[in-house]
Structures are given as C-alpha cells and as structure tokens.
Amino acid sequence: MDFRFTDDQLLLATSVREYLAGTHGTQVLRRLDEQGNRDPAIWQGLVDMGLTGVLVPEALGGLGMGLVEAALIAVECGRACLAEPLVDTAFVAAPWLVREGRTDAIAGIVDGSRKIVPAHAINPWLADGEGARLQSVDPLRNLTTAPHDASEDPYLLDLGALMSAAQLVGIADAMLEQATDYAKLRSQFGQPIGAFQAIKHQLASCMVAIEFARPVVWRAAAALQAGGAHAATHVSHAKLAATDAAMLTAETAIQVHGAMGYTYEVDLHFWMKRAWALSGAWGSRAFHVRRLDEAVIGGTIPIGPEHTFA
Amino acid sequence: MKLGFSPQEEAFRAECADWLQAQMTGEFRDIRGITTLTAKAERRKEWEQHLGEHGWSCIGWPKAWGGRDATLAEQVIFAEEYARAGVPGRVNHIGIELAGPTILAFGTEEQKRRFLPGIAAGSTIFCQGFSEPGAGSDLASVRTKGRLEGGEWVVNGQKIWTSLAHISDWIFVVTRTEDGSKGPKGLTFLMMPLDQPGIEVRGITQINGDAEFNETFFTDARCPADSMIGGVGDGWKIAMGLLAFERGVSTLGQQMAFRNELDEIIAAARANGAAGDPLIRQRIARAEIGLRLMRYGALRMLSNTDHSKIDGAALTYKIQWATWRRSLGELAMDVLGQAGEIAEGEAYEWGTLPNLFLYSRADTIYGGTNQIQRNLIAERGLALPREPRGDL
C-alpha cells in the first residue's frame, strides 16, 4: 500500500487550487450571492481547464483519469466553495453514465454544453435541476424537487457520497484557515486571541479531525475506482469522517470568530452552509453509520488476523 | 427543600395561563409562535404596552413601580406559562430585565420616576450598549468616550451587537470618562435617548438572514448630566451588577421555550421516522436529561438568596444551557435531514427548527463565550491562577 501521489496528480490538484484561488475568491461568492449564482464565464473557465473531462475515457474525448484524481480536484472545489455543478456533472454523472454505457451525453459534458446532476432516490432535492427553485440554506446552491423516476443505483450513490466527502474536506480546510487567520489578527486582553489555549486547542482539534479524514477519502476513492467488494464501506467511512471534520470545524470556526462569525458579512457562513448541505446529501450520517455497522457486525467485512483492514 | 408549587401558586399559574392564552387566541393571535426578535416589531411593541396595561409587564418589580411584587416562584410560573402559550420573546426584555432592575438597584429616586413608568408601560424600549468592535470578550477595554460639557454628557465612539437598537427608544452605554484610564477603571454608565442627530444605527445581517443586531455610532451624542447611573467611574460596577440580573428569572422561562423546541424535534422525529434511528433516540433522551439538569440547576441558582455571591450554580449555568442548545440545533438538523435545508417560502426565511440550528450558533458566543465562561468558572469557582494576558 502506498498513499503517495504522483507528481502529476499533485500538480493537477495544485493547479486547480491556484486557478480557483485566483478566479473564485470571496468577492466572487459575494457577487454570485447578490446577482444570481451561476456565471457562464466561471463554468467556461473550468471547462477550458479540461476538468469536465477528467473522468471521461480518452476514447470519448476525455482525460481518462480516475476517481483519486477527481477526489483531489473535488477537495479544491470545496475549498473554493465552488457553486457551479462541476463535481456533480464531471465526477458523479460522467463516470456513472460511462459505466451505464449511456455515452450519448458525454461529449456534451466534456465540451461544457451539458450540466448534468443525476437524481438518486436518496436525495429529496436535485441540485441545478429543472423546475421551480427551492431556497436552500446555502444561497449558492440551486435546488429543485427530485423527479419520481430517480435512480437507485448503489454505484451512483457511492460516487455522490465520495465526492461530497472530498468537498467536505476542502470546505473544512478553508474554514480552519479562515478561523486561524482570524485568531492571529483579532486581539483581546492585549494579545491575539490565538495566543489563548482556549482558542488554540479548539483549532488544533479541527486539524486532527481533518487530517484523519483526508486519507480516508483517498482510500475510498481508490477502493471505488478499483471496484473492490468493500468499496461501499470505505465510502461510508469517508463520508462520516469528512462530515464530522467539517461540522466540527464549522462550529469551531464560528466560535473563534465570536459574534462576527454569526454575521452574513463575514464570508465564513458560505462554507458553513455548504458543509451543512453536503453533510445531508448522498446519505445522512445515520445512513452511512448503518452501512458500516451492517458491514462490521453483519459480517460483510471479514474479520480476524488473516483479513486485517480489508 | 420544597419541590413543587403550593395551591395558591397553582391558582396563580391558572390565572397566568388563562390570560396569556386568551391573548394569543384573541387580539394578539397574529404574533403567536414567532421565534425571531425582529418579526412584526410594531405589533410586538403593542404587545409590550398591552402587558403593561394589564399589569403583566414586570411582575417581579415593586408594586410602586408598576410591578406586582411577585415572589420568585410566581415569576417562574409566569415565565413558564408565557413560553408555554407560545408568546413571542419580549422586544423590551432589556428594559424589563436589565435596565429596570439596574435603575431600581442603583438609580436615584428621580431616575426611577423618570424611567421606570415608561419601561413598565411598554412605551420605553431599551437596548444595551456594552460591546465595541475592540471590546468583545474583553469588555473592560471599551473606548467610547464620554465627557461632561455644559451640563450634558457628550459621547463619541461606537458600540456593536446592540440588539434591537433600530426599534428602541433608549440605550444604556458604558463610556470611558477618565482620559488615560484602562480596563474597568474610569468607566461611567449613561442612559441615552436614541432619537438624536448624534446617534446612527446600522443593521447587521445574521447568517439566518435576520437582522436583530446593530452597530451604533455616537458622534457628539448627548444626554443630560443626571442620566448617569451611579457615580462617575462606577460604570464597571453597575455593568457587572446588571449582568448578574441577566442570570436571573428569565432563565426559567427560557427553559420552557427550550421545552417547546425539544417537543417540536420529538414530533418531527415521530413524523418522519427518524425516531426509529437508535442514534437519534439516544440523542433525544440525552437532550431530555440535559433540559432537566438545567431546570434543577436554575431552580437551585434562584433559591440562592444572597446575590452578593455568585455560587456554583450561577457560575456554570450559561455554558450549560448554551452548549445544550447548540447541540439541540444539531439534533434538530439530523432529525429533519435534508428537509431542514429548505426555506419555507421563496425568501431566505426559516422555520422554527432550521432557525434553531442557525440561531443557536450564537448562544455559545453572546453574553460571554464558552471560553470566557470556562475561565470564569476556573478562576472564580476553582480559584485557579488568572489567565496570562498581554500588555493592555
């Protein structure tokens, strides 16, 4: 087992991070919130980077990469609080449609003319779907009621849960960075509040949670890519670990910001609300805990020394 | 120890319940069940006046000043029935629970005559000017300046998180009146009318889209010299006395509101099947235990009649309820599942439980953050050495 990434994989993640940091900063989030939350120019920029084709086989005009690379990019989308449905379209819909042999929409996904968010029965809402818009707590998320003929395919669910987990890791990273920056700037009692252990220890606990969620997400991506027997268990583990890390970090980041963290004018709430939305999407905490307990206690995961950490 | 209420107290309870429910099904049914402090502000002011007209606005105050000399038990009962009837929070709670008791405790007879009748009648709405952009947890570092000039106090500076300043008539302000003073010394407590050219109020939008708080700017704002409570330099003592009132009877009514919230979560869990999830069931059971803990803790706190000392119950109460309620918000969201993500209409407005989740984020911050609370518990309750500080 080797958790290291190749230079190409790391370069890909870094380039997406830098691109989004340069073109999708908080002033863009504010503009999207105030003036309508989808922007064709942002979408086209992502398409031009080739991100819509990451998981599409080369024979179909894509880059032919795997879920590990896609998960690394999804982390960056979370970090940037990206509103455009890149993850849903390129990292959930595209691999699912390819697997289903429904390749007629793939060219449109790659060239950016199609945004597809697949409906799964586990989600009552469909992001960026047709129909009357529902007001989500996340002002950058466009929801409609899910259609009745939603898929029940477990592979689709696992893709959605994995990519939500990856985004949640990036969201948690971003919130921890904002809270840490604030703790260095904000002074009370004659020193930066980050000098107080009461603040320091809380932020350190978030870092622990995030760092232990990150490799679980990588492991799940590799497992789902390989299609192993226990891939679903790894995905559930990833969704739970990332949800817990993101919710802890959201709670802590607001607390560290004090009353400022409770205002709409501080940017933090965009990430906090995305964390909330994605925590519930593609299977609640209870759903994923149940999948794990059924696997562990129900015997799907073989236990005993010869099966260590299967 | 005497648990439970006497027959007379139960009769009083029935009287409160009858009157409150009659109002909430009658003339004021349009405000029943409102959970924010901002909605229907004008009607809420009328409600304050209605309470005053019928002698229910400040029952714990002396009869001479519009109260009923109600016993502690009676105040508890009224607060419980108030929440049980679904009556929305008091837009003048600062006036009734903080400004009034502060004036009663520290004000002159003239000040009592000037302010108390209006507060009791619900016609004088008060807000609180303590925090500043640079003085939050470190409240004693206020920089808003006050100086005496021609028989008036002239105030310059900025306050923040002034809840409901936009609908209030008066603000009490902690000002620095001694040049060069630091920390709790050299502060003075002033009562100022908001409607004057020197005061500007700007709303702050919260994460739930509501705007209860404000920034309040003072530019040569004025009030008469005798609007000072206590003496020059007594501001910190008065402010701390006032914050002790904040831990008072209102906490018990608050628990009935918490009861309503937990009941709504239980109903939602039954309705959507979440009650079948063992994790949810256990969290609901733990929330129930936590609520009861707080109730007994608050009753114990209120039965301490020596208010010159803060006992263990009082010292630990804020962090207990705030942390409990923040967890309750998270439980509410897990019970609702993805349904909680959606607003009730097209606007960015939230039902009771999603709003509970969002609003309870602030509970562990305002009135002393959990971190400040733990320091107070450790330093005052356990007499541990004081937290090292930087150069002030």
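Some points to look at:
- Residues being at pLDDT 95 or above and of a type in the set (K, R) - total across region A:252-290: 2
- Residues located in region A:144-170, provided they are within 13 Å of chain B (Cβ to nearest Cβ) and within 17 Å of the chain's Cα centre (by Cα): A:G160, A:S164
- Test: residue in region A:176-199 that is more than 11 Å from chain B (Cβ to nearest Cβ), touching a His at 6+ places or on another chain (Cβ under 8 Å), surrounded by 24 or more Cβ atoms within 10 Å (Cβ to Cβ) and under 30 Å from A:Q35 (Cβ atoms): yes
- Single residue of region B:308-347 satisfying the filter (basic (K, R) and in a helix (DSSP H, G or I)) that is nearest to the other protein chains (Cβ to nearest Cβ): B:R326
- For region A:222-270, the set of residues classified as outside any helix (DSSP H, G or I), within 14 Å of chain B (Cβ to nearest Cβ) and free of Cβ contacts under 8 Å to residues at least 40 places away in the same chain consists of A:T263, A:Y264, A:E265, A:V266, listed by residue number.
- A single member of B:I94, B:I59 is surrounded by 21 or more Cβ atoms within 10 Å (Cβ to Cβ), outside any loop (DSSP other than H, G, I, E, B) and of a type outside the set (D, E), and it is B:I94.
- Every residue from region B:361-382 that is facing chain A (nearest Cβ under 9 Å) and either β-branched (V, I, T) or surrounded by fewer than 20 Cβ atoms within 10 Å (Cβ to Cβ) (or both): B:T364, B:I365, B:Y366, B:T369, B:N370, B:I372, B:R374, B:N375
- Criterion (more than 30 Å from B:E215 (Cα to Cα) and basic (K, R)) met by exactly one of A:K200, A:K239: A:K239
- Among residues of region A:289-309 being away from chain B (no Cβ under 11 Å) and within 20 Å of A:Y155 (Cβ to Cβ), the one that is surrounded by the most Cβ atoms within 10 Å (Cβ to Cβ) is A:R291.
- Subset of region B:190-237 [in contact with a His (Cβ under 8 Å, 6 or more places away or on another chain), aliphatic (A, V, I, L, M) and within 13 Å of B:C127 (Cβ to Cβ)]: B:V201
- Tally of residues being touching a residue at least 12 places away in the same chain (Cβ under 8 Å) and either on the phi < 0 side of the Ramachandran plot or basic (K, R) (or both) across region A:271-295: 17
- Residue within region A:256-263 that is over 30 Å from B:E212 (Cα atoms) and hydroxyl-bearing (S, T, Y) present: no
- Comparison of A:I254, A:I303 shows that the only residue that is farther than 25 Å from B:E349 by Cβ and either outside the structural domain of A:A166 (by TED's automatic domain parsing) or out of contact with any Cys (no Cβ under 6 Å at 6 or more places or on another chain) (or both) is A:I303.
- When region B:62-91 is limited to residues that are of a type in the set (D, E, K, R) and in a helix (DSSP H, G or I), the one that is farthest from B:T251 (Cα to Cα) turns out to be B:K63.
- Residue within region A:130-149 that is in contact with an Asp or Glu (Cβ under 6 Å, 6 or more places away or on another chain) and either small (G, A, S) or in the same structural domain as A:G228 (by TED's automatic domain parsing) (or both) present: yes
- Flag for B:A267 being more than 11 Å from chain A (Cβ to nearest Cβ), within 27 Å of A:W282 (Cα to Cα) and without any contact (Cβ under 8 Å) to a residue 40 or more places away in the chain: yes
- Selected residue (criterion: surrounded by the fewest Cβ atoms within 10 Å (Cβ to Cβ)) from residues of region B:281-305 that are touching a residue at least 40 places away in the same chain (Cβ under 8 Å), farther than 10 Å from B:W324 by Cα and touching a Phe, Trp or Tyr at 6+ places or on another chain (Cβ under 8 Å): B:M301
- Each residue in region A:11-49 was checked for being over 17 Å from A:Q167 (Cβ atoms), within 20 Å of the chain's Cα centre (by Cα), assigned to a helix (DSSP H, G or I) and without any contact (Cβ under 8 Å) to a residue 60 or more places away in the chain, and 8 of them qualify.
- Residue tally, condition more than 17 Å from the chain's Cα centre (by Cα) and either more than 12 Å from chain B (Cβ to nearest Cβ) or of a type in the set (A, V, I, L, M, F, W, C) (or both), over region A:126-136: 5
- Being outside any strand (DSSP E or B), in contact with a Phe, Trp or Tyr (Cβ under 6 Å, 6 or more places away or on another chain) and under 19 Å from B:A165 (Cβ atoms) is a description that does not apply to B:G253.
- Qualifying residues in region B:158-174 (those that are at negative phi, within 12 Å of another protein chain (Cβ to nearest Cβ) and within 15 Å of the chain's Cα centre (by Cα)) - the one surrounded by the fewest Cβ atoms within 10 Å (Cβ to Cβ): B:S163
- All strands (runs of 3 or more DSSP E) inside region B:112-203 with 2 or more residues being among the hydrophobic types (A, V, I, L, M, F, W, C): B:126-129, B:152-160, B:170-176, B:187-193
- Looking at A:V92, A:V98, just one residue is modelled with pLDDT of 95 or more and buried (at least 20 other Cβ atoms within 10 Å of the Cβ), and that residue is A:V92.
- Residue count for region A:94-142, restricted to those that are among the acidic types (D, E) and closer than 30 Å to B:W350 by Cβ: 3
- Some residue of region B:348-360 being touching a residue at least 12 places away in the same chain (Cβ under 8 Å), facing chain A (nearest Cβ under 10 Å) and in contact with a strand residue (DSSP E or B) (Cβ under 7 Å, 6 or more places away or on another chain): yes
- All conditions but one from (1) touching a helix residue (DSSP H, G or I) at 6+ places or on another chain (Cβ under 8 Å); (2) at pLDDT below 95; (3) within 21 Å of B:L243 (Cα to Cα) apply to B:P88; the one that does not is (3).
- For region B:342-349, the criterion of being surrounded by 16 or more Cβ atoms within 10 Å (Cβ to Cβ) and among the aromatic types (F, W, Y) is met by no residue.
- Residue check for A:T52: assigned to a helix (DSSP H, G or I) and of a type in the set (S, T, N, Q): yes
- Condition check for B:L116: farther than 20 Å from B:L299 by Cα and out of contact with any His (no Cβ under 6 Å at 6 or more places or on another chain): yes
- Test: residue in region B:383-391 that is of a type in the set (A, V, I, L, M, F, W, C) and within 14 Å of chain A (Cβ to nearest Cβ): yes
The values are calculated or read from the model by the stated rules, or taken from the named source; none is laboratory data. Being a predicted model, the structure only gives us computed values, none of them experimental. Backbone-built Cβ (ideal geometry, glycine too); neighbour counts: all protein chains shown.
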